[in-house]
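Colleague: Next up is a structure, given as C-alpha cells.
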Amino acid sequence: MVKIICEGSSDKNKIKELLRFLEIEHSDDNFVVMGNKSNIFKSNHDNYRTILTLIDAEKIDKILFVVDADYQKDNSEYGGYENTQNRLKELIERLDITEISNWFISCNPNSKDGYLESLLLSTVDENLRNCYDEFFGLY
C-alpha cells in the first residue's frame, strides 16, 4: 500500500481530485492527514508510530509526502522550498524510511515558494495571473 502524507484535509481532497482525474485507484486508507505543516516534521507524532508499525508488518510499500513550500518570509523554519526539502530529508532519515519515501513540494517553480495554487497560476498568462492576484491575493 502507498501512504500519502499531507498537511490538511483540503490538501487530501485536492490530491484525491487529481488522482480521480488521472484515473489512479485510491481510497481514504492511502492518506494520512497531519493537521498542519509543522506536524509533518514531528517524528514523534502518533501518526508516524502507526506508519512505522505498518511498515514493519509489510503493509506499507511506499510513502509520498505532499507538502506546500509556503513562504520563507512567513516562516523561517518551515517556509520556502529549500527549508521544506531539508526538513523532509531530515524527517525521512530520522524515521529510517529513506528507501520507501519520496516527496512533492507544491510551489511556483520559478520563485520556489507558495502553494498548489501558486504552481497552477505559474502556468497561466501574466495578465490572467495579475487579475487573480488582485482579486484573491494568491500570487
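Where a number appears in this text, it was derived from the coordinates with a stated rule and is not lab data. This structure is a prediction, so every number in the text was calculated from the model and none was measured. Don't worry about glycine lacking a Cβ; one is built from the backbone with ideal geometry, like all the others, and counts go over all protein chains shown.
Colleague: For region 110-123, does any single residue satisfy the condition of being among the β-branched types (Val, Ile, Thr) and within 23 Å of Ile63 (Cα to Cα)?
Modeller: Checked against the condition, which is being among the β-branched types (Val, Ile, Thr) and within 23 Å of Ile63 (Cα to Cα), region 110-123 yields no hits at all.
Colleague: When you scan region 89-107, how many residues do you find that are under 21 Å from Leu19 (Cβ atoms) and in contact (Cβ under 8 Å) with a residue 40 or more places away in the chain?
Modeller: Result for region 89-107: 4.
Colleague: Suppose we keep only residues that are among the hydrophobic types (A, V, I, L, M, F, W, C) and in contact with a strand residue (DSSP E or B) (Cβ under 7 Å, 6 or more places away or on another chain) within region 33-58. Which one would you say is nearest to Lys89 (Cα to Cα)?
Modeller: Ile40
Colleague: Determine which single condition Lys73 fails, assuming it passes every other condition in (1) surrounded by fewer than 12 Cβ atoms within 10 Å (Cβ to Cβ); (2) touching a residue at least 40 places away in the same chain (Cβ under 8 Å); (3) out of contact with any helix residue (DSSP H, G or I) (no Cβ under 7 Å at 6 or more places or on another chain); (4) of a type in the set (D, E, K, R).
Modeller: (2)
Colleague: Here is a check on your reading of the model: is Asp68 surrounded by 14 or more Cβ atoms within 10 Å (Cβ to Cβ) and of a type in the set (Asp, Glu)?
Modeller: yes
Colleague: Here is a further query. Could you tell me which residue of region 55-65 is surrounded by the most Cβ atoms within 10 Å (Cβ to Cβ), considering only residues that are over 16 Å from the mean Cα position of the chain (by Cα) and under 15 Å from Glu99 (Cβ atoms)?
Modeller: Ile60
Colleague: State all residues of region 86-117 that are surrounded by 13 or more Cβ atoms within 10 Å (Cβ to Cβ) and either of a type in the set (S, T, N, Q) or in contact with a Lys or Arg (Cβ under 8 Å, 6 or more places away or on another chain) (or both); if no residue qualifies, say none.
Modeller: Ile100, Ser101, Ser106, Asn108, Ser111, Leu116, listed by residue number.
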